[in-house]
Amino acid sequence: MSVAAAIPVYNELASIGGVLQAVSPHVDRIIVIDDGSTDGCGSLAAEAGAEVLSHERNQGKGVGLRTALTWAKARPDISELVLIDGDGQHDPADIPRMLGELRREKLDILVGSRFLGQNNAPLYRLFGLHVLTASTRLGSGIALTDSQSGFRVLSRHAIEQLELREGAFAVESEMQFEAALKGLQVSETPITIRYAGAARRSPVAHGVSVLIRTILLTARRRPQRLPLLIATPFLAVRIGRTRPARIGER
């Protein structure tokens with residue numbers, strides 16, 4: 001059995017080399033999903049020894065994670081799949097601890113929470129993340145403090161059970177809905193996040209698009225919870241003080 005890391009990238013030439021170097025000691029295999037990059041980061045990843053799965057055009061992070069899951073499903077020797085972003089904001093040194101916790105607690109999904117650890121996110125971004133986390137929590141029924149974290153570990157059971165459809169950044173929210181539907185064991189653990197420089201995309205446009213997709217996910221998958229979403233702005237100001245989900249809680 002082996003541990004693989006999947007790193008979705010789109011024009012991450014400046015950071016991907018360092019990320020690969022930091023991730024490599026903690027996993028057996030690394031795949032980079034190059035989502036139509038135009039800066040050559042996929043070629044750099046291949047030169048560094050990663051397996052690169054390339055999309056001809058940019059299709060969105062959700063499609064990248066679907067590609068990663070399809071790859072892992074076809075390889076039964078993969079016991080765990082680490083999902084980590086390629087922009088250098090996550091600390092790969094957290095991987096061994098996260099793998100140990102996933103195995104020890106017999107979890108299916110372990111999410112790295114920025115709100116249980118240290119981060120230097122600007123206040124407007126923190127509030128937006130709390131709104132998205134609150135809406136995902138109310139819609140899915142699973143209580144997490146950071147629904148949008150791109151740093152998480154999946155068990156073999158989760159790899160086999162997750163069926164994602166979202167194409168863009170609502171994919172992390174969709175994973176929470178899938179976990180509720182499939183009865184997966186979910187928890188979270190503190191991670192350190194490093195924000196450097198301005199966001200490459202509009203945080204407002206990004207947040208609104210994810211919120212809309214989360215509402216649609218709720219309407220499609222758990223319509224009985226749709227009225228709860230009106231409480232999202234009120235829950236958002238409290239979410240940072242709530243405890244993480246216990247094993248299997250939803």
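Of note:
- Any hit, the stretch 85-95, residues being in a loop (DSSP other than H, G, I, E, B) and more than 24 Å from Ala170 (Cβ to Cβ): yes
- Answer residue from the stretch 132-158, given it is among the charged types (D, E, K, R) and under 16 Å from the mean Cα position of the chain (by Cα) and is nearest to Pro92 (Cα to Cα) among those: Arg152
- Condition met for Ser79 (without any contact (Cβ under 8 Å) to a residue 24 or more places away in the chain and either over 19 Å from the mean Cα position of the chain (by Cα) or in a strand (DSSP E or B) (or both)): no
- Restricting attention to the stretch 27-53, the residues being buried (at least 17 other Cβ atoms within 10 Å of the Cβ), outside any loop (DSSP other than H, G, I, E, B) and of a type outside the set (Val, Ile, Thr) number 8.
- Set side by side, the residues Ser37, Ser79 differ, and just one is of a type in the set (Ser, Thr, Tyr) and touching an Asp or Glu at 6+ places or on another chain (Cβ under 8 Å), which is Ser37.
- One residue stands out among those in the stretch 133-148 that are at pLDDT 90 or above and among the hydrophobic types (A, V, I, L, M, F, W, C): the one that is nearest to Gln224 (Cα to Cα), which is Ile142.
- Of everything listed in (1) at pLDDT below 80; (2) within 24 Å of Pro92 (Cβ to Cβ); (3) not small (Gly, Ala, Ser), the single unmet condition for Pro227 is (2).
Yes/no per residue for (1) surrounded by fewer than 23 Cβ atoms within 10 Å (Cβ to Cβ); (2) farther than 22 Å from Gly64 by Cα; (3) among the acidic types (Asp, Glu):
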residue	(1), (2), (3)
His90	no, no, no
Glu101	yes, yes, yes
Gly139	no, yes, no
Thr145	no, yes, no
Ser187	yes, yes, no
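The values are calculated or read from the model by the stated rules, or taken from the named source; none is laboratory data. On a predicted model such as this, the values are computed, not experimentally measured, just so you know. Glycine gets a Cβ as well: all are built from the backbone with ideal geometry, and neighbour counts include every protein chain shown.
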